[in-house]
Amino acid sequence: MTSKTRAAIAASITALLALGASACSSASGGDSADSEQLSFVGFSVLETANEPVFQGFEGTSEGKDVTFKTSYGASGDQSRAVEGGLDADVVHFSLEPDMQRLVDAGIVADDWKDTPTNGIATSSVVTLVVREGNPKDIQGWDDLVEPGVEIITPNPASSGSAKWNILAAWAHVTGNGGSEQEAEAFVKQMLENTIALPSSGREATTAFSEGNGDVLLSYENEAILARANGEPFDYIVPDDTLLIENPAAVTVDAPESATAFRDYQITPEAQAAYALSGFRPVIDGVDLPEVEGANDPADPFPTPAKLFTIDDDFNGWAEANTKFFDENDGIITQLQAETGTSE
């Protein structure tokens with residue numbers, strides 16, 4: 001696949017996604033004189049998942065007079081927008097570096113991790129989404145570098161989802177005894193098989209649903225939600241994959257109700273609501289519902305044989321983000337330049 005072909009596909013995908021990445025809307029509630037509106041800014045795949053969580057919070061004593069204004073889009077873009085002045089009381093991003101940007105800017109306090117879940121509000125794992133019936137017989141990571149396999153994954157320059165996906169592929173090699181040189185060669189081949197890099201996880205799913213590609217690298221929750229909405233997809237949780245942890249925090253000037261909502265997000269009730277959209281609970285003791293769209297709705301979140309984490313396998317996001325995604329010297333940044341997948 002040439003760079004020109006990738007660019008043409010990317011342009012067609014952009015045209016299909018004219019709704020925009022960060023459109024704002026009123027998410028809930030009425031216009032009572034006593035109501036308080038919270039501004040929620042989050043990464044794209046939360047849009048559907050948050051609806052029952054907002055409603056659940058509004059049914060509590062802390063949330064009975066609260067409504068929400070929302071903005072969703074690619075995680076990195078959303079973080080930069082808040083840094084640039086987008087109003088936000090609660091922020092919920094794909095990964096920690098997008099939160100750290102706001103800590104560095106003085107918008108989020110540096111103690112944002114001081115919660116029972118270390119600041120994490122939702123979690124998932126990296127999965128491989130394929131066409132119904134799995135016509136290319138994709139079973140795991142090694143199948144992605146076979147000739148003729150066309151991949152879609154979001155762009156690491158804008159999307160947190162993309163960073164999780166690529167690091168999962170890297171860990172597949174190094175976490176199973178391979179060297180970093182072998183991991184680099186593996187990811188390079190995977191990028192050479194990549195035909196499009198939409199700007200967010202949600203846009204990548206939309207591109208795949210439009211018929212582009214054989215495999216979509218995605219959050220498990222995004223795959224489950226797509227299937228629940230009738231998309232003719234199958235998905236595979238690889239034997240080894242990466243745990244995705246999505247942080248949430250309040251901004252320094254947010255009202256007390258924002259903290260109440262952030263705390264509500266990690267209650268058993270809210271975690272069960274997030275599970276309905278395919279997110280794995282971040283706390284114990286959640287009474288899981290049947291999850292429509294999961295491979296097994298009654299047992300929706302099987303434990304992979306080997307589950308890598310950013311902290312244990314990449315020494316945390318502070319090191320990993322610089323090593324792999326520095327805009328000039330990052331390993332993945334350079335591989336994207338070499339393979340013509342920077343845009």
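Values in this text are rule-based calculations from the coordinates and carry no lab data. In this text, all values refer to a predicted model and were calculated from it rather than measured experimentally. All Cβ positions, even for glycine, are placed from backbone atoms using ideal geometry, and neighbour counts span all protein chains on display.
In angstroms, what radius of gyration and Dmax does the range 19-172 have, counting Cα atoms only?
Values for the range 19-172 (Cα only, Rg and Dmax): 18.4, 62 Å.
How long is the range 158-273 along each principal axis, judged by its Cα atoms, biggest number first, in Å?
That works out to 49, 36, 26 Å along the principal axes.
How big is the Kirkwood radius of the range 212-343, worked out from every pair of different alpha carbons and given in Å to one decimal?
Answer for the range 212-343: a Kirkwood hydrodynamic radius of 17.5 Å.
What is the list of residues in the range 327-343 whose amide nitrogen lies under 16 Å from a point 7 angstrom out from the Cα of E192, following Cα to Cβ?
Backbone N within reach: 335-342.
Just the C-alpha atoms of the range 108-202: what Rg/Rh do they give, with Rh taken as the Kirkwood radius?
When Rh is taken as the Kirkwood radius, the ratio is 1.04.
May I ask you to sort T241, T115 by Cβ crowding, counting other Cβ atoms within 10 Å and putting the fewest first?
Least crowded to most crowded, the residues run T115, T241.
Considering only DSSP states other than H, G, I, E and B, which GluC sites (Glu not before Pro) in the range 73-150 qualify as loop sites with at most 16 other Cβ atoms within 10 Å?
E132, E150
Before anything else, pin down the relative contact order of the chain: Cα pairs under 8 Å, at least 6 apart, normalised by residue count, whole percent.
22
Just to be sure I understand the model, the point goes 7 Å from the Cα along the line to the Cβ. What's the resulting R80 to D34 distance in nm?
Label-label distance for R80 and D34, simple model: 4.3 nm.
Quick check on the exposure proxy: order I236, I224 from fewest to most C-beta atoms within 10 angstrom.
I236, I224
Calculate the all-directions average of the projected area of the range 79-160's alpha-carbon convex hull, and give it in nm².
Result: 7.9 nm².
Could you sort out which of K136/K188; K69/K188; K69/K113; K136/K163; K69/K306; K136/K323 sit more than 30 Å apart by Cα distance in this structure?
Working: K136/K188 21 Å; K69/K188 41 Å; K69/K113 24 Å; K136/K163 25 Å; K69/K306 39 Å; K136/K323 33 Å.
Checking Cα-Cα distances, K69/K188; K69/K306; K136/K323 exceed 30 Å.
Report the dimensions of the chain along its three principal axes from the alpha-carbon atoms, largest first, rounded to Å.
61, 43, 40
Taking 0.36 nm per intervening residue step and subtracting the Cα-Cα distance, what contour gain separates E146 from E292 on full extension?
49.4 nm
Nearest-5 percent of antiparallel DSSP beta bridges in the chain?
In the chain, DSSP labels about 55 percent of beta bridges as antiparallel.
Whole percent per 10 Å bin, from 0 to the bin with the longest distance: what is P(r) over all C-alpha pairs of the range 158-220?
For the range 158-220, the binned pair fractions read 21, 49, 26, 4 percent.
Taking the chain as the reference, fit the longest principal axis to its C-alpha atoms, fit the long axis of helix 180-192 to the helix C-alpha atoms, and give the angle between the two in degrees, 0 to 90, nearest 10.
90
With a Förster radius of 25 Å, plug the Cβ-Cβ distance of E269 and T303 into 1/(1 + (r/R0)^6) and report the FRET value to the nearest 0.05.
FRET efficiency, E269 to T303: 0.60.
Could you tell me the distance between the Cα centroids of the range 42-115 and the range 136-155, to the nearest Å?
33
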